[in-house]
Structures are given as structure tokens and as C-alpha cells.
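**Q** Structure provided below as C-alpha cells; questions to follow.
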Amino acid sequence: MRRPLLLALAVAVALVAGCADAPEPSIIAATAVAPPLPGAESITSAPAAEGTGACDTEATLAPKTQPRPGAMPAGSAMAAIVANGRLRVGVDQNTYMFGFRNPSTGRLEGFDIDLAREIARDLFGDPDKIELRSVTAADRIPLLQEKKVDMIVRTFSATCERRREVDFSSVYYRAAQRIAAPRGAGITGGAGLAGKRVCVAKGTTAAAPLFTLPKPPAVLGVTNWTDCLVALQQGTVDAISGDEPILAGLVAQDHNLEVLGDPIGTGAYAVGVPRGSDDLVRFVNGVLDRTRVDGTWQRIYAEHLSTLGPSQGPPVPRYIG
């Protein structure tokens, strides 16, 4: 019995000696690679900018006598919504101050959310008879065309191109498009974007002014504005371009950023409804008129947008008939 044991010990010693003579394994340093953002893609041509084209982008139908809540005219789009028991509204849940999900409550909050509730209030007499559906910017028009929502209240600007597919209310908010970049990055505005990479949300008009710059940057389109913030933090892009209140919301989430330079474009937000819904356009415009007159617009501005500075007041509607 001793011979097998001695043999095993000899083999073990040989193995240990062999390991001692072997060179130590080399350590290979791995470089961290940021995972690609789902849906991110390069934008190589400009979408139609706001205010361009042959149409009047802000012209809309004047409201008529506003019906009482719950007593909508028979056969109207409003009567169909009331019969359905709720107002279905496409909104955002990723744009701080306009439409975002409050992590403390789980509720959708923001300027656009409160405005949508005011429309529900005038339809039903109850602002809570509403179904808020989170939609991406790129899905706004398809959802209206398929009538999966009754309207869109999501920083939605009317353009001539969009007006061929959906209808719009009067403008309820105006914004300037600017640049956001990390502090100390050396970017001072649009002129400093030459050779840089800039992020925008797909389905918006934000890319259009970037292509009019003397030396356009490379443009990356993502699904939501918060994806732009992630791309910037990962180093995938150098800056973000969007409407000033949207950028201010991103800065509030990352104080290393700042909004820079002069405006390079403008935005004018309106409520989008399915094409051919004249009665609904007039009704929504009646609601917006009420909010301008009774102080509701100023109240929700003070609640959600006061960090942008003193209110300039609600935009004056441009009615054509």
C-alpha cells in the first residue's frame, strides 16, 4: 500500500514544480464599451423644419359655442369620446417638465399632462376621465391615423408636411431650439458643432436646423430625449439639440450640462387630432381659449415651467374660420 501512495506524492511534487516554472499569465486590460442605444441611428438628411412650406403652419379653426361637459353634439367626435367613457391621449413619459413619470408617485406629470386633463375636464366635467398613453415622437402621426388615440399632447409642432396627415389646434406653447453640452466642452453654440456629434429625438424637427449650419455636425437620432442624455454621458455624442424647455429638463437631471448659444430654430406646440376632425379641432381650441382667459395656462406654467423664467403668457391663436 505504501508504493502507490509514494508514487502519488511524487506526481504531486512534479506538478507543483512544473507550475512554479510556468510563466505567470499576462493580464489583458479590457476597454469598457458603451452598449448601443436601442433604435439609435444616423440622420443624414434634414426633415421638414417648422415654419417652412407653402402652408400657414399655425392657422386653425376658430371655436364655436362650447358645449357643456357631458352634453356633446350628437354625431360629433366629442360625443364619440364621451360615449367611450374616457379621453385617450398620446403623451410623453420621458420629457421632464412636459410629460414625465414621477418616480415618487408613478404618475405622469407635466405641462402637457395637465393640459390634456383640462380637455378631459371640458368633455366630461372630470379631468380624471382620461387614458394617458406613452408614445414616442415617431409614433405620434401613425397612432392618430390608426385612431388608437383621440389626440396627441406631446410637444407636437405643426409643419406643412404633418398637416397633410393630421390636424392641429392653435399653438399653446412656443420654444426656441438651442444646444446643450457639458460644461467646459468648448462648444458655445451652433457654430461650435462643426465636426461634432449631436443627438436629437427621431420623429421631431430638431435635426432640420442642424443641417442649415455652415458646417453641419453628424446627427444621431434616438427614440426619446432621455436617450440623448444617456448617449452624451456615454460619450457617444458631444451635444444635444432640442427645444429649450426640453434641454432644461435634461440639465435638471445632469447638472454637468448647460444650455448654450443663440437659438438655431423655433418650436410651436399644438394638440394633434386625426385628419378631418374639424369639430374636435374647434372644441380643443375652445378649451385652450378658456385656459388662456381663466388663468389655467398661467397656473400650470407656474407649476411645471417656472424654472425657465417668467412666463411670457400663452401664444395668441391664429384663427382662419
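**Q** Regarding the range 279-295, can at least one residue be identified that is surrounded by fewer than 18 Cβ atoms within 10 Å (Cβ to Cβ) and under 15 Å from residue 59 (Cβ atoms)?
**A** No, the range 279-295 contains no residue that is surrounded by fewer than 18 Cβ atoms within 10 Å (Cβ to Cβ) and under 15 Å from residue 59 (Cβ atoms).
**Q** Across the range 241-289, what is the number of residues that are of a type in the set (S, T, N, Q) and within 18 Å of the chain's Cα centre (by Cα)? Reasoning before the result, please.
**A** Step one: filter the range 241-289 for residues of a type in the set (S, T, N, Q), giving 241, 253, 256, 266, 277, 285.
Going one step further and asking which of them are within 18 Å of the chain's Cα centre (by Cα), we end up with 241, 253, 266.
Looking only at that region, the number is 3.
**Q** What number of residues in the range 174-197 are more than 30 Å from residue 152 (Cα to Cα), hydrophobic (A, V, I, L, M, F, W, C) and surrounded by fewer than 16 Cβ atoms within 10 Å (Cβ to Cβ)?
**A** Total satisfying the criteria: 2.
**Q** Another question, if that's okay. Could you go through the range 288-308 and let me know if any residue there is under 13 Å from residue 111 (Cα atoms), out of contact with any strand residue (DSSP E or B) (no Cβ under 6 Å at 6 or more places or on another chain), touching a residue at least 24 places away in the same chain (Cβ under 8 Å) and acidic (Asp, Glu).
**A** Within the range 288-308, one or more residues are under 13 Å from residue 111 (Cα atoms), out of contact with any strand residue (DSSP E or B) (no Cβ under 6 Å at 6 or more places or on another chain), touching a residue at least 24 places away in the same chain (Cβ under 8 Å) and acidic (Asp, Glu).
**Q** Kindly establish whether residue 186 is touching a Gly at 6+ places or on another chain (Cβ under 8 Å), at positive phi, modelled with pLDDT under 95 and not hydroxyl-bearing (Ser, Thr, Tyr). Break it down into steps so the answer makes sense when it comes.
**A** Numbers: touching a Gly at 6+ places or on another chain (Cβ under 8 Å): yes; at positive phi: yes; modelled with pLDDT under 95: yes; not hydroxyl-bearing (Ser, Thr, Tyr): yes.
For residue 186, the condition - touching a Gly at 6+ places or on another chain (Cβ under 8 Å), at positive phi, modelled with pLDDT under 95 and not hydroxyl-bearing (Ser, Thr, Tyr) - is met.
**Q** Which of the following residues is within 30 Å of residue 289 (Cβ to Cβ) and either assigned by the TED database to the domain that holds residue 278 or surrounded by 24 or more Cβ atoms within 10 Å (Cβ to Cβ) (or both): 200, 171?
**A** Details: 200 fails: within 30 Å of residue 289 (Cβ to Cβ).
Of 200, 171, the one residue that is within 30 Å of residue 289 (Cβ to Cβ) and either assigned by the TED database to the domain that holds residue 278 or surrounded by 24 or more Cβ atoms within 10 Å (Cβ to Cβ) (or both) is 171.
The values are calculated or read from the model by the stated rules, or taken from the named source; none is laboratory data. Computed from a predicted model, the values in this text were never measured in an experiment. No Cβ is skipped: glycine too gets one built from the backbone with ideal geometry, and neighbour counts run over all protein chains shown.
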